[in-house]
Amino acid sequence: MVQVAFARRGALAFVPTRRILTRPFTMSLSTAAYAREREVATEAVLRASKLCTRVFQNLVSASTIEKKDKSPVTIADYGAQAVVNSILHEAFPNDPIVGEEDSVELRGNAATLDKVVELANSVLDKSLSSSAVLEAIDLGTYAGGKKGRFWTLDPIDGTKGFLRGEQFAVCLALIVDGTVQLGVMGCPNLPVELSKPNGERGCLLTAVRGGGAYQRSFASSSTDKRIHVNPATSPSETQFCESVEAGHSSQSDAAAIAAHVGITRPSVRMDSQCKYAVVARGDAGAYLRLPVSATYEEKIWDHAGGVLLIREAGGSVCDARGRELDFSQGRTLKANKGVVATNGVLHEQIMRAVESVVGAKI
Ligand SMILES: Nc1ncnc2c1ncn2[C@@H]1O[C@H](COP(=O)(O)O)[C@@H](OP(=O)(O)O)[C@H]1O
Ligand SMILES: [Mg+2]
Ligand SMILES: [Mg+2]
Ligand SMILES: [Mg+2]
């Protein structure tokens with residue numbers, strides 16, 4: 001910190017006033033503030049991403065079991081949660097974790113548990129016992145809330161996309177006193193450039209509050225590149241992205257909103273928080289998540305990292321009523337309905353259309 005502050009003071013003496021407010025100064029300060037967290041989270045997300053890819057290649061058809069809420073959960077969801085929680089717990093033993101999965105169903109299924117243990121150990125530098133894996137998974141039962149610091153983890157966001165061999169993401173974020181400070185997302189199937197679907201795949205996206213948003217490819221020699229939202233000033237220059245699953249977001253309302261603002265290109269349909277990534281790096285102008293059910297509460301692990309990515313890439317995010325997303329309400333975003341994430345420039349225009357299409361029903 002001393003070095004950063006000194007470098008900043010030194011730089012200030014030589015730059016014209018207009019440049020004092022440019023981003024690199026804030027970037028180095030904030031990045032330094034969460035440097036260790038970022039390093040550990042990156043390591044955890046990359047190891048969990050490797051585990052997921054391994055599962056898909058070898059085991060996916062044989063190993064899906066059904067949770068009580070009927071959503072598919074695979075050995076990869078459990079394995080990834082065990083790996084990330086175990087790495088986080090070793091580095092930050094006092095930090096609680098809000099994770100999507102728990103071990104309840106796994107405890108009654110010895111054959112599946114054996115596979116999860118073997119998988120977790122295949123990407124860790126240590127060998128966890130079955131009970132240590134169950135304990136690691138259950139480190140994710142924290143309730144969240146307004147005060148203090150905690151992590152939130154979605155070991156596989158977009159499990160349905162994962163099972164289809166499409167997009168999914170390992171999503172980890174750090175929340176301090178209700179504010180998202182760090183987001184790290186591993187997207188093993190996401191093309192590094194969306195315009196080159198047959199090119200290199202596997203992206204790591206990182207954002208630190210006040211420090212910008214970055215992407216690098218999974219290739220070990222890759223370095224972080226700063227990403228920015230699309231500069232489009234007219235909706236017709238861009239397109240929306242939305243969930244593949246019509247049960248997770250209203251595709252008919254999104255089509256009506258697109259027509260309202262004059263978007264003619266079809267929406268990009270993609271599973272998981274990869275949607276936040278493609279808006280943050282400028283591939284789409286906005287991500288719409290429009291409530292289908294009156295009672296569904298969005299989960300904090302489905303949004304925390306993605307929201308920070310959008311803001312740090314220069315975009316704007318709110319819920320479908322125009323409210324700030326509130327990550328201090330516990331495990332869900334119970335004070336919010338839906339999500340609208342845009343490139344910022346188009347935010348007001350898109351929100352006016354959202355209000356006119358869904359305002360009366362949410
Ligand atoms: N009725 C509903 N409305 C909105 N989101 C829902 C939903 N039912 C499940 N989800 C969430 O949608 C997430 C996937 O989002 P998307 O459709 O954008 O890929 C799921 O995450 P998991 O796949 O981690 O369970 C799950 O938390
Ligand atoms: Mg799930
Ligand atoms: Mg999810
Ligand atoms: Mg999940």
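Apply the a/c threshold of 1.5 to the C-alpha gyration tensor of segment 27-226 and tell me whether it is rounded, prolate or oblate. Oblate. Each Lys and Arg adds +1 at its Cβ and each Asp and Glu adds -1 at its Cβ; summed about the Cα centre, the chain shows a dipole of about 1080 debye.
At each listed q (0.17, 0.19 Å⁻¹), what is the log10 of I(q)/I(0) that the Debye formula gives for segment 234-362 modelled as equal alpha-carbon point scatterers? Rounded to two decimals, the profile gives -0.78, -1.01.
If you average over every viewing direction, what projected area does the convex hull of the Cα atoms of the chain give, in nm²? Taking the Cα atoms of the chain, their convex hull projects to 18.7 nm² on average. Considering only 344, 148, 183, the mean-square fluctuation computed in a Gaussian network model of the chain, springs between alpha carbons under 10 angstrom, is largest for 148.
Here the Gaussian network model covers the chain, with springs between Cα atoms less than 10 Å apart; of 101, 37, 237, 237 fluctuates the most. Only beta bridges with both residues in segment 235-361 are counted; by DSSP, about 65 percent of them are antiparallel.
Of the residues 279, 73, 94, the one whose Cα sits farthest towards the positive end of the charge dipole of the chain is 279 (charges of +1 on Lys and Arg Cβ, -1 on Asp and Glu Cβ, taken about the Cα centre). The mean accessible area for residues of the chain, using a 1.4 Å probe and ignoring ligands and nucleic acids, is 43 Å² per residue. Just the protein heavy atoms count here, and of the accessible area of the chain at 1.4 Å, carbon and sulfur take up 52 percent. First select every other residue whose beta carbon is under 14 angstrom from the beta carbon of residue 336; then total the charges, Lys and Arg +1, Asp and Glu -1. Spelling it out: positives minus negatives among the neighbours equals +1. Positive-end ranking of 150, 181, 293 along the dipole of the chain, with charges on Cβ about the Cα centre, is headed by 181. Does segment 147-263 come out rounded, prolate or oblate, given a ≥ b ≥ c as the square roots of the eigenvalues of its C-alpha gyration tensor, rounded meaning a/c under 1.5 and, failing that, prolate meaning a/b above b/c? Taking the square roots of the gyration eigenvalues as a ≥ b ≥ c, segment 147-263 is rounded. Straight Cα distances below 27 angstrom link residue 147 to the lysines 299, 334, 337, with same-chain residues fewer than 8 positions distant left out.
Between residue 177 and residue 323, residue separation times 0.36 nm minus the direct Cα-Cα distance comes to 50.7 nm. Straight-distance candidates among the lysines for linking to residue 50, with alpha-carbon spacing under 23 Å and chain neighbours fewer than 8 residues away dropped: 115, 126, 160, 196, 225, 275.
Compactness of segment 281-334 is given as radius of gyration and Dmax, 11.6, 32 Å, from Cα positions. Helices that extend 27 Å or more along their long axis by alpha-carbon positions and average at least -1.0 on the Kyte-Doolittle scale are, among the DSSP H runs of the chain, 35-58.
Each Lys or Arg adds one and each Asp or Glu takes one away; over the other residues whose Cβ falls under 12 Å from the Cβ of residue 79, this sums to 0.
The values are calculated or read from the model by the stated rules, or taken from the named source; none is laboratory data. Model, not experiment: these values are computed from the prediction. Positions of Cβ are backbone-derived with ideal geometry, glycine not excepted, and every protein chain shown enters the neighbour counts. These accessible areas exclude ligands, DNA and RNA; they are computed on the full protein's heavy atoms, side chains included. Shrake-Rupley method; radii C 1.70, N 1.55, O 1.52, S 1.80 Å.
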